[in-house]
Structures are given as structure tokens and as C-alpha cells.
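**Student:** One structure follows; several queries about it will come next.
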Amino acid sequence: MATFNLKINGKNQEVEADPNTPMLWVLRDTLGLVGTKYGCGIAACGACTIHVDGIAMRSCQMPVSKVKDQSITTIEGLSENGNHPVQKAWMEHDVPQCGYCQAGQIMSAASLLNDNSNPSDADIDAAMNGNICRCGTYTRIKAAIKTAAKG
Amino acid sequence: MTFIKTKVGRRSFIKSSAVAGGGMMIGFSWLAGCKTEPMIEEEILQMPAEWFNINGFLKIGDNGVVTIMSPNPEIGQNIKTSMPMLVAEELDIDWKKVVVEQAPLNTDLYKRQLAGGSQSIRQGWKSLRMAGATARRVLCEAAAKAWEVPVEEITTDAGMLFHKATEKSAHYGEFASAAAEIEIPEEVELKSVKDFKIIGNSKRNVDGKKIVTGQPLFGLDTQREGMLHAMIQHPPAFGMKLKSVDDSAAKSMPGIKDVFTINTYPDAEKKQWCDVDAFSDLVVVVGNSTWEVMQAKEVLKVEWEATSGFENSASHTEKMAAFAGKAKEARKDGNPEAAFKNAAEIIERSYTAPFLAHNCMEPMNFFADVKDGKAELVGPVQTPEFMEKSVSTRLGIPLENIDIQMTRMGGGFGRRLYGHFLVEAALISQKVGAPIKLTYTREDDMTFGTYRPAYHATYRAALDENKNLIAFHIKAGGIPESPLFANRFPAGAVDNYLAESWSLESNISTGAWRAPRSNFIAGAEQAFLDEVAEKMGKDPIQFRLDLLEKAKNNPVGEKNDYDAARYAGVLKLVRDKSNWGKADAGLNRGVSAYFCHNSYVANVLDLKVENGKPIVDKVYCAVDCGIVVNPDAAKNMMEGGTVDGIGHALFSGLTFKDGVPEQSNFDKYRLIRHSEAPKEIEVHFVKSEIDPTGLGEPPFPPIIGAVANALYKATGKRVYDQPFVKEGALLG
């Protein structure tokens, strides 16, 4: 066990954890931020996507000891009241079916739009391919990303 | 107008005393509006000071806000929105004043609290509307009494009561208290389809905002004070069981509280249909956090022993083909033997599909707190009313002391019909004497499945010298069940018809998987019909329509379980919407149609093959599910089912080597991804006033046939064995 000072959703948080603990479980079990989902544990499904200094990363493969002073943003901290353009577009297109993967999808999409404000279909496919949606909402996700890009 | 006797459902309408509520504020804008309306800025819905229970489905606040209980488990089929819409329609309330809550498991109040068979809307169609209509009726009676006017003169609109002659009006909240005291009427009037205001108008997912902001909704999100985390270790192969465990290393790991074994179902005779599990003897690790338990699991030293032979996928197809000789007749019309003997040409083709894992994105899990002879269980399960009995039987706790709370589910697809994980969680909590959350790792989930069976079907068609179809023969089976539906199309459309069925036992645990049996046989049948049409020199849609015309006007046999006119209806709709036969230049188009779970679906799919990979440009879906309750959500289901069907047809499969699943996570198990989804999906509903049927399963089966038929157009080669894209191989 060791103590880590983390910056999560704009707040400083001190946590006690085994240094190898993936951020996913620090967020979910230690901090109660359960919006970030467990899907595979091997960075193959994207359900656990968070932002590390604004970049989409898989939290299930990121040991807490490697985070250091980087800023972590989770789905709970993406916006104050669900009003991030990506979240608004998701609601407008009523994207979710079961909804389990959608936090990860939204975090990947928000990161994509940070880098590329007007992504092509190919750009969206490339950025989103690591996020599985078992319900098959891919066409709505693409439409929602385009709506969010328009602002 | 439809008058419904309330007697049958009377238990559901027992009034209960008013419940006091707080004055909390919640945002509700995501409850409101439909696709065609722009998103409105968030409004705040003032919660009432007091709630009045009108019946088991709804309570009305003193300020006119209504809470509607959604009785069934939500697995992503969106019934948490569409079932309350049925109540709201007949209550005649403004949807913006509705708050939806997940109902608890309560078999006294609600019937069929189950998610399965695409039946929620179909089975709830009358009872949910009755709940709304009886509430509206007692509100009218309360107003009539207070205003001293005949109840027949009271009208309602969007949560308001009116008496025109005396110009009196009030909102529902003003009479909620009085209405709660009024006897439920003997019969109620239900609206005509033409008077629907909510049904048929899209309403957004009531959990939408919670989902996109990451609020706790799912079973895996459950957290309680003092809660411990638990995981199980099951045998690595089907056909193995636990022999011994050395837990010394695991027990000494940090954060570990206990390691022990449980037996979920020691008495096979007490098992219900939903108590399917391959592995009853399990090793359990309990600790302070998920990660610590995962680490301890790694150092368990467990010995397993063989109980029966190990299955190998490599030999399954051969084994199935050999076993097909033992098929039993399921239906016979005319004289198929003679027709095949006299045929000018016989077409024979065989089709196969592998086992599939359900792969819900939220792995199996459940929270349990068993103490003082009571069990509280929270989590994702499709069959709460059945699993309540299983927990009761196994733990010896009476049903009334078991409380199951349903969470939103990260997918179901049939996997959560089989709730052994509830029993496991309850046993673990009982043993450690603390609240626990049992979580399966992805690997546990994928390798301890109730899989879609492996299937095999051989079709034969006999043509005469004029290329007329004179006989049809299907022989279908699988491990461990047959996918045959003997009375489905084209039964009833061919004079000489033979359907045969067989099955082969296995120690691999299987169960219902989205559109059971149809999820294979539809694709096989629709691919075969395409090939038969080609040999006959007929357009594949016209060929199907000709058969359906015969089934409608001059059906063979009496047990045909489809409506030929509705079947033809979706084919004609998809033909027209896709400009079939007119705009085909340069397109590789495949068509298919299927009827299952009471709904009809037809597809046209356009694809191309580039660099050996399939690219689906567009899919047209035509659907007849009767009245469409929530159109945009229904469209979402059609799109998702279409993507799911394409994905599984092209890429997915679970294979076994010496009883061990060869895929245990998403690095090896192929699911469709963003770049492989269709570029566009168009959904068209048949306009209908027939009572609604479900959409959870019907989109899935037919699209597989459309994929196979379009692949043939693109490559010139027919595909018979799913998945159509083999690992490392290119198409073309």
C-alpha cells in the first residue's frame, strides 16, 4: 500500500492503494466514481475510458502509480451538469440502449473532438474502434459525434 | 373503444395508503419531448409534498406530478420508457409531469416481471393501459362527487379535469387524495388507437441523462457500507469439477478476508428451468476490493478432475453431420419422398453456426446481504420472480423474506435469464456474514456461459422439369438442441414438405440467446431460398412473394404459425423502399425476411468487398410489429439488432479445445466494431392498428440471410458456415 495524490475531476484526492492497482478500480472501489465501467480488464473494449491530461486512455491498464500529477477526468467530471456538447448530442440522438458502454464511448468521442473539431467518418471509425457497443448503437454514435462537432 | 373487465387484474389495483414524500427537486428535461422536438433547456420538476397511491402502477402527487412504476427488468430494450408510456396514455397525463421509477419485484402487484421472448410490451399492452385508465376513472369520479355533477360529464386532458357546463377545472393532484379512496370500477374504457397522444410519439429514454453523466444505475455500481467484494473460480473446462484447493497463498494476500468453496445447486432435482449452470462447485475469494480479490484469485492452487469427455469444436461439424441420420420427423405434408424421387433437379445445401457467448458488456454480478433469516439482493437479472424461488429453495429462506431489487442491466441477450450468480452471491454473503458484491471477471463471464448452441441444418429443394418448386426438406439439429421450427415458412407454401429434427447431447451449458433457434435457422433458410430462386430463374423477392401468396390463398396444412399477408407486407415494403430491381446497378444486394417473436422483419442489405473485407453500405429494414409505441426507440432497437446480427454472422464464434473455451476475452472473441457497422440503416414500419409486439429479438435473425446473399453477389461464392469471415482469411 502507498499513498497517492491524484487530481481527479478538478479536485485533489489522496488515496491509499497498492501501486499496481489500475485507476479503474481506484475510481470505482476507492472513490465511488462508478461511471467508469469495467468491461474486459485488458484494454480491449473501451468501457473504462477516462481522460488523462485530456487524452482518452483505458483506465483498466493504467496503474495508479503511473498517474503522478496528470489530470484525470471521468464521465462524472466531463461537464458540470451533463451539458458537454457530446453528452447533449448523445441525449438528442437518444443513443443508449443498455447504456453500459456509453460513458466510455462519450469519453473517447470527447477526446476525438478535442483534437479534431470536424472528424470525417474514417476519423470517427479510427478513434472509436476500441470502444465496443454490444447493443450495436454505432450508427447513432457516429451521428451524435457529428452533431456534437457542429456545436 | 375497448371495454376491459378489471376483475382479472384486480389484485394489481389494490389501493394503499398515501405515502408522504419530500420536497426534492429533480431535473427532468430528458423525460420530455420526442425526436422531432428540439432539446429544451433543463426544467426543474417540483416534487409534491404528498403522494397518493392510486394503484400498484402509479401514484399522484398533490401538485399533479405522477410517478409511474415500470414493472419489468430493463436490459436495453427501453421498456422502462415505453411501458410507462402505456400507463400515461390512458391516464391522460402530460408526459412532462411523469417521473418513472423501477418497480420492485412484487408478484402480488405485477404479472410477468421478466425480460425475455420480446414479450414485455405485448403482454403488458392491456394491463398497463388498464392501470392508467382505472386511475383516470377514479379521478373523474372524485371530481364529479366534489363538483356534484354526473361523472359522464367530466373530461380530461393532459393531467387536467374539466366540467364544461359549470366551467370547473382542476389538475389531477387536487383530487388525488379523494381518488385514492374510491373503489376501483368494475370495468374501464380504453382509448381508440386514433385518440392516442403519447403512444406513437417518440419519448426519450427516461434514464438517458443518468447514463450520459455516469450516475450509478447498474448492478455493478452497487456500493454499501461495509460491503466486501467476492469472485469465483470455476473449472477451466466443461467436463471438469473441483477436486481440491490450496488457498494458503491466496489467504495471505493483502485485503483478503476469506477463501472457501460453495456448491450452488447440490440437489439437481430442486433446479428450476432458469437454474442452468455448468459448474456448481466453486472456489470463492472474498476481500476488501475488486483488485485485491482479483490478485488473490491468481495465486489460488486448485486441482480439477474430469467428470466426462471433453468437447472439441474441430470435430463438431463432422459429428453433427453424422448424427443427422438419426433425425425424427416433425412435420410432413404431401408425399415428399415421391416428389424428390421424381424431381428433375435437387438442390441440397448444409449450413452451420458455432456456439456464441452472450457477452453482455456488464459482466455477471450481484449484491447480496443475507442476515437474520432475510436476504436482500440487488442487481441485474432477467428472471427475478423465478430466481427469488431459487434463492429461497437453496438458502431455506421464505419468499417473503427475500427482497430482490432490479437494476438497469448492461445487456441481457438471454444470459441473465439464468441467475445462478444470485444464488452464489446469497450463499457467499450468508457464509461471510456481511454484505458482498459478487463480480465475474470478463474471463469468468465468457468461459462460464449458457451459450447459444452450435447448429447444423441441411436443406433440400426439388424442382420439376419446368423449374417449379415441388418439394422442400429441412433436417436441422444442434448441440444440444435443434433449431427447427417445423411450422414456419416455407411450411404451408409447398405441397410436399418434410421437416426433421435431431439433437446431440453435450456437457457444454447452453441457453436462450437473443432470438433462440431463429438466430441460426433464419439465416440458413433465407440463404437457401436465395439459391433456390436463382436455380429457378426467379427474382428472390418475387419468389418469396409467390410462395406467400400460395400460403395465404391455398395453404398446405393447418398449423402454419405465421400470417402470410403480414409476411408479404414487409417484403413489399422493403422492396419499394430499397428500389429493389430498379436501382441495383453496381450494388451487391441481399434480401431476407423472417417472422419470429410475433413480429415480421424484411431486409435488403448492400455491401462491397474491399481488400478482402466486407463493407456494409446500407441496410433497409421493413418491420411489422403492430402499433409502434415509441417510434424512435423502436428504430434504435431495429438498428442495434441489425448491427448485432451482421456482427455475429460475420465475425463471432466460441470454439472449444478439450472442453476449454478458446476465447476468453475481447482480444480473441470478435465482436463487431465501429468501422465494421453499416454506414446507413433505414427503418420503415408498417402502419398498423394491430396490438403491438416486441422488437428485442426480431431484428436479429433475418439480417444474417441478407448478409450471406449480398456476400454471394459481391464475391460469386456462397457462404454456408458462420462466422462468414474466418480469422486471418480474406473474402473474395
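The values are calculated or read from the model by the stated rules, or taken from the named source; none is laboratory data. Given the structure is predicted, the values throughout are model-derived calculations rather than measurements. Ideal geometry is used to build each Cβ from the backbone, glycine not excepted, and the neighbour counts take in all protein chains shown. For the accessible areas, the whole protein counts, side chains as well, though only heavy atoms, and no ligand, DNA or RNA atoms are used. Shrake-Rupley method; radii C 1.70, N 1.55, O 1.52, S 1.80 Å.
**Student:** What are the residue pairs meeting all of these: first residue in region B:263-289, first residue of a type in the set (Lys, Arg), second residue open to solvent by 50 Å² or more (accessible area, probe 1.4 Å), Cβ atoms under 7 Å, and 6 or more apart or on different chains?
**Tutor:** Pairs that qualify, where the first residue is of a type in the set (Lys, Arg) and the partner is open to solvent by 50 Å² or more (accessible area, probe 1.4 Å), are B:Lys270/B:Thr393.
**Student:** Of all residues in region B:151-163, which are touching a helix residue (DSSP H, G or I) at 6+ places or on another chain (Cβ under 7 Å) and either modelled with pLDDT under 95 or open to solvent by 60 Å² or more (accessible area, probe 1.4 Å) (or both)?
**Tutor:** Quick first cut of region B:151-163, residues touching a helix residue (DSSP H, G or I) at 6+ places or on another chain (Cβ under 7 Å) only: B:151, B:154, B:156, B:159, B:161, B:163.
Residues satisfying the conditions do not exist here.
**Student:** In region B:510-535, which residue that is open to solvent by 10 Å² or more (accessible area, probe 1.4 Å) and in a loop (DSSP other than H, G, I, E, B) is farthest from B:Gly116 (Cα to Cα)?
**Tutor:** Within region B:510-535, the match that is farthest from B:Gly116 (Cα to Cα) is B:Arg517.
**Student:** If we scan region B:300-312, do we find a residue that is within 14 Å of chain A (Cβ to nearest Cβ) and open to solvent by 30 Å² or more (accessible area, probe 1.4 Å)? Outline the logic, then answer.
**Tutor:** If we filter region B:300-312 for residues that are within 14 Å of chain A (Cβ to nearest Cβ), which is where we start, we get none.
The answer is no, given that none of the residues of region B:300-312 is within 14 Å of chain A (Cβ to nearest Cβ) and open to solvent by 30 Å² or more (accessible area, probe 1.4 Å).
**Student:** Sort out which residues of region A:120-138 are facing chain B (nearest Cβ under 9 Å) and open to solvent by 30 Å² or more (accessible area, probe 1.4 Å), and write them in order of number.
**Tutor:** Here is the first cut: in region A:120-138, the residues facing chain B (nearest Cβ under 9 Å) are A:121-122, A:124-138.
Correct list: A:Asp121, A:Ala122, A:Ala126, A:Ala127, A:Asn129.
**Student:** Right, next: Residues to consider are B:Gly641, B:Gly659; find the one that is on the phi > 0 side of the Ramachandran plot and not hydrophobic (A, V, I, L, M, F, W, C). Give the steps one after another, and end with the answer.
**Tutor:** Values: B:Gly641 fails: on the phi > 0 side of the Ramachandran plot.
Of the residues listed, the single one that is on the phi > 0 side of the Ramachandran plot and not hydrophobic (A, V, I, L, M, F, W, C) is B:Gly659.
Yes or no, residue by residue, for (1) within 38 Å of the chain's Cα centre (by Cα); (2) of a type in the set (D, E, K, R); (3) closer than 28 Å to B:Met387 by Cα:
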position: B:Ser118; (1), (2), (3): yes, no, yes
position: B:Trp125; (1), (2), (3): yes, no, yes
position: B:Val151; (1), (2), (3): no, no, no
position: B:Ser177; (1), (2), (3): no, no, no
position: B:Glu186; (1), (2), (3): yes, yes, no
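**Student:** Within region B:470-478, is there a residue that is open to solvent by 10 Å² or more (accessible area, probe 1.4 Å), farther than 22 Å from B:Ser501 by Cβ and in a strand (DSSP E or B)?
**Tutor:** Yes: region B:470-478 contains one or more residues that are open to solvent by 10 Å² or more (accessible area, probe 1.4 Å), farther than 22 Å from B:Ser501 by Cβ and in a strand (DSSP E or B).
**Student:** While we're here: Does B:Arg349 satisfy being outside the structural domain of B:Tyr265 (by TED's automatic domain parsing), open to solvent by less than 50 Å² (accessible area, probe 1.4 Å) and touching a residue at least 24 places away in the same chain (Cβ under 8 Å)?
**Tutor:** Judged against the criteria, B:Arg349 is not a match.
**Student:** Provide a single number: the residues in region B:630-669 that are free of Cβ contacts under 8 Å to residues at least 40 places away in the same chain and either surrounded by 20 or more Cβ atoms within 10 Å (Cβ to Cβ) or more than 8 Å from chain A (Cβ to nearest Cβ) (or both).
**Tutor:** Initial filter on region B:630-669 (free of Cβ contacts under 8 Å to residues at least 40 places away in the same chain): B:643, B:647, B:667-668.
Subsequent filtering for residues that are either surrounded by 20 or more Cβ atoms within 10 Å (Cβ to Cβ) or more than 8 Å from chain A (Cβ to nearest Cβ) (or both) retains B:643, B:647, B:668.
Result for region B:630-669: 3.
**Student:** Name the strands (runs of 3 or more DSSP E) wholly inside region B:385-466 in which the number of residues that are without any contact (Cβ under 8 Å) to a residue 24 or more places away in the chain and away from chain A (no Cβ under 13 Å) is 3 or more. Outline the logic, then answer.
**Tutor:** On the way: elements: B:402-406, B:436-439, B:454-463.
No strands (runs of 3 or more DSSP E) qualify here.
**Student:** Which of the strands (runs of 3 or more DSSP E) found entirely inside region B:183-274 contain at least 1 residues meeting this: within 14 Å of another protein chain (Cβ to nearest Cβ)?
**Tutor:** Working: elements: B:187-190, B:228-233, B:240-246, B:256-263.
Because the criterion is at least 1 residues that are within 14 Å of another protein chain (Cβ to nearest Cβ), the strands (runs of 3 or more DSSP E) in region B:183-274 that meet it are B:228-233, B:256-263.
**Student:** To continue, here is another question. Within region A:74-98, count every residue that is at the interface with another protein chain (Cβ under 7 Å from one of its Cβ atoms), out of contact with any Gly (no Cβ under 7 Å at 6 or more places or on another chain) and under 20 Å from B:Gly411 (Cβ atoms).
**Tutor:** Final tally of qualifying residues: 1.
**Student:** Continuing with this model, one more query. Based on this model, can you work out whether B:Leu139 counts as more than 30 Å from B:Leu377 (Cα to Cα), at pLDDT 95 or above and in a strand (DSSP E or B)?
**Tutor:** No.
**Student:** If you don't mind, another one. So B:Pro483 clears everything in (1) surrounded by 22 or more Cβ atoms within 10 Å (Cβ to Cβ); (2) part of a loop (DSSP other than H, G, I, E, B); (3) out of contact with any strand residue (DSSP E or B) (no Cβ under 6 Å at 6 or more places or on another chain) except one condition, right? Which one?
**Tutor:** B:Pro483 satisfies every listed condition except (3).
**Student:** I need the full set of residues from region B:547-562 which are free of Cβ contacts under 8 Å to residues at least 12 places away in the same chain and assigned to a loop (DSSP other than H, G, I, E, B), in order please.
**Tutor:** Going residue by residue through region B:547-562, those that are free of Cβ contacts under 8 Å to residues at least 12 places away in the same chain are B:553-554, B:558.
B:Asn554, B:Glu558, listed by residue number.
**Student:** Okay, moving on. Picking from B:Ile681, B:Ile615, B:Ile703, B:Ile672, which residue would you name as being touching a helix residue (DSSP H, G or I) at 6+ places or on another chain (Cβ under 7 Å), part of a strand (DSSP E or B), on the phi < 0 side of the Ramachandran plot and within 13 Å of another protein chain (Cβ to nearest Cβ)?
**Tutor:** On the way: B:Ile615 fails: touching a helix residue (DSSP H, G or I) at 6+ places or on another chain (Cβ under 7 Å); B:Ile703 fails: part of a strand (DSSP E or B); B:Ile672 fails: part of a strand (DSSP E or B).
Only one candidate qualifies: B:Ile681.
**Student:** Now a separate question. Quick one: how many residues across region B:263-288 are touching a strand residue (DSSP E or B) at 6+ places or on another chain (Cβ under 7 Å), open to solvent by 20 Å² or more (accessible area, probe 1.4 Å) and either under 14 Å from B:Ser429 (Cα atoms) or among the small types (Gly, Ala, Ser) (or both)?
**Tutor:** The qualifying residues number 3.
**Student:** Quick one: in region A:37-58, of everything that is without any contact (Cβ under 8 Å) to a residue 24 or more places away in the chain and open to solvent by 40 Å² or more (accessible area, probe 1.4 Å), which residue is farthest from the other protein chains (Cβ to nearest Cβ)?
**Tutor:** Ranking the qualifying residues of region A:37-58, first place goes to A:Asp53.
**Student:** Can you tell which of B:Pro48, B:Pro73, B:Pro38 is part of a loop (DSSP other than H, G, I, E, B), surrounded by fewer than 24 Cβ atoms within 10 Å (Cβ to Cβ), at pLDDT 90 or above and not charged (D, E, K, R)?
**Tutor:** On the way: B:Pro73 fails: surrounded by fewer than 24 Cβ atoms within 10 Å (Cβ to Cβ); B:Pro38 fails: at pLDDT 90 or above.
It is B:Pro48.
**Student:** Let me ask another. Mind listing whichever residues of region B:574-586 are surrounded by fewer than 23 Cβ atoms within 10 Å (Cβ to Cβ) and in contact (Cβ under 8 Å) with a residue 60 or more places away in the chain?
**Tutor:** If the condition is that a residue be surrounded by fewer than 23 Cβ atoms within 10 Å (Cβ to Cβ) and in contact (Cβ under 8 Å) with a residue 60 or more places away in the chain, then B:Lys577 is the only one that fits.
**Student:** Considering B:Glu680, B:Glu727, B:Glu676, which residue is open to solvent by 40 Å² or more (accessible area, probe 1.4 Å) and at pLDDT below 95?
**Tutor:** Numbers: B:Glu680 fails: at pLDDT below 95; B:Glu676 fails: at pLDDT below 95.
Among B:Glu680, B:Glu727, B:Glu676, only B:Glu727 is open to solvent by 40 Å² or more (accessible area, probe 1.4 Å) and at pLDDT below 95.
**Student:** Of everything in region B:270-311, what is aromatic (Phe, Trp, Tyr), over 19 Å from B:Leu228 (Cβ atoms) and under 33 Å from the mean Cα position of the chain (by Cα)? Give them in sequence order. Break it down stepwise before answering.
**Tutor:** Quick first cut of region B:270-311, residues aromatic (Phe, Trp, Tyr) only: B:273, B:279, B:291, B:304, B:310.
Now drop any that are not over 19 Å from B:Leu228 (Cβ atoms), which leaves B:273, B:279, B:304, B:310.
Scanning region B:270-311 gives B:Trp273, B:Phe279, B:Phe310.
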